[in-house]
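The values are calculated or read from the model by the stated rules, or taken from the named source; none is laboratory data. From a predicted model like this one, the values you see are computed outputs, not experimental measurements. All Cβ positions, glycine included, derive from the backbone under ideal geometry; neighbour counts span all protein chains shown.
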Amino acid sequence: FDRRAPVRELPNINDRISYPNLRVVDADGSQLGVITREAALEVGKERGLDLVLVSEKADPPVCRIMDYGKFKFEQEKKAKEAKKKSHQTEVKEVKMRYKIDEHDYQVRIGQAVRFLKSGDKVKCTVIFRGREIQHTALAEQLLYRMAKDLEESAELQQEPKREGRNMIMFLGPRRVPLNKDKPEQLTKAVRTLPISAATKPAAELSPEPVSEVAPA
C-alpha cells in the first residue's frame with residue numbers, strides 16, 4: 001500500500017514552461033506572434049502578469065499573458081456554478097402530526113430550509129391516525145403556516161390537499177427574492193389561514209393535548 005500523497009499536477013506557467021519558442025497572446029487579446037520563451041517571460045514580467053500555457057499541442061505551443069491567480073479563481077467559480085446547475089432536483093419529505101409541538105415544528109422548519117437551500121423541493125406531509133382524519137382543517141392551517149414561515153426560502157408550488165390519510169403540500173426553492181414591500185406577496189401563501197393562526201404556535205392549532213410527534 002503506497003502511503004505517499006498523490007502528486008499534484010502543477011500548472012504550466014512562467015518558468016515551468018520549457019518550450020523554446022511560443023505563440024503569445026497578450027493580456028488584451030492582441031497577438032504578439034511567435035517569440036522566444038525568454039522574450040515571452042520578459043513581457044509577462046513587464047506587465048506584472050503571468051505567462052500561461054493554454055495550448056500545448058499547437059505548433060508552436062500557445063501561451064497567454066494573464067493574471068493566473070484571477071484566472072484560476074474564475075475557473076473554479078465557473079466549475080462550482082456548473083456543478084450547482086447540474087444538481088439533480090430531488091423531493092425531500094418533512095413529516096409531522098397536526099398536533100406537533102412548537103419545538104418539533106421548528107425542527108421541521110430547519111429541515112425544510114436545508115433541503116430548499118440544496119435546491120430540492122419539499123413535500124410537507126401531515127399524517128393522520130385513526131379519527132384524527134376529522135381534523136383536516138387544522139392540518140391545512142398548519143401547512144399554510146409552514147408556507148408562511150418558509151416564504152423567504154420557498155415558493156408554494158402545490159397548496160395543501162388530501163392524499164389518502166395524509167394532507168400534503170409542495171414547496172420549491174424561491175427563484176425570485178421575496179419583496180417585503182408588497183403585502184400581497186407576503187400574504188399569498190396564507191390567504192386561507194385565519195390571521196390569529198398565522199402567528200399562533202403549532203400546538204395551539206389543535207384542541208387536543210400534544211401526545212406524539214411522527215419522526216421526520
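Data table
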read-out: Residue in region 117-134 that is among the small types (G, A, S) and under 18 Å from the mean Cα position of the chain (by Cα) present; value: yes
read-out: Matching residues in region 128-165 - criterion: being surrounded by 17 or more Cβ atoms within 10 Å (Cβ to Cβ) and in a strand (DSSP E or B); value: A154, E155, L156, P160
read-out: Pairs where the first residue, in region 89-110, is in a helix (DSSP H, G or I) and the second is hydrophobic (A, V, I, L, M, F, W, C) and surrounded by fewer than 19 Cβ atoms within 10 Å (Cβ to Cβ), C-beta under 8 Å, 6+ apart; value: E102/A203; D104/V213; Y105/A203; V107/A216; R108/A216
read-out: Number of the exception - G119 against (1) within 16 Å of G164 (Cβ to Cβ); (2) touching a helix residue (DSSP H, G or I) at 6+ places or on another chain (Cβ under 9 Å); (3) not in a helix (DSSP H, G or I); value: (1)
read-out: For I65: the one exception among (1) at pLDDT below 95; (2) not in a loop (DSSP other than H, G, I, E, B); value: (1)
read-out: Subset tally (residues that are closer than 15 Å to G29 by Cβ and either surrounded by fewer than 17 Cβ atoms within 10 Å (Cβ to Cβ) or touching a helix residue (DSSP H, G or I) at 6+ places or on another chain (Cβ under 7 Å) (or both)) for region 45-54; value: 3
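One line per residue, one yes/no per condition, for (1) outside any strand (DSSP E or B); (2) touching a residue at least 60 places away in the same chain (Cβ under 8 Å); (3) not charged (D, E, K, R):
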| position | (1), (2), (3) |
| --- | --- |
| Y19 | yes, no, yes |
| V24 | no, no, yes |
| L32 | no, no, yes |
| I35 | no, no, yes |
| K45 | yes, no, no |
| L53 | no, no, yes |
| D59 | yes, no, no |
| K70 | yes, no, no |
| E74 | yes, no, no |
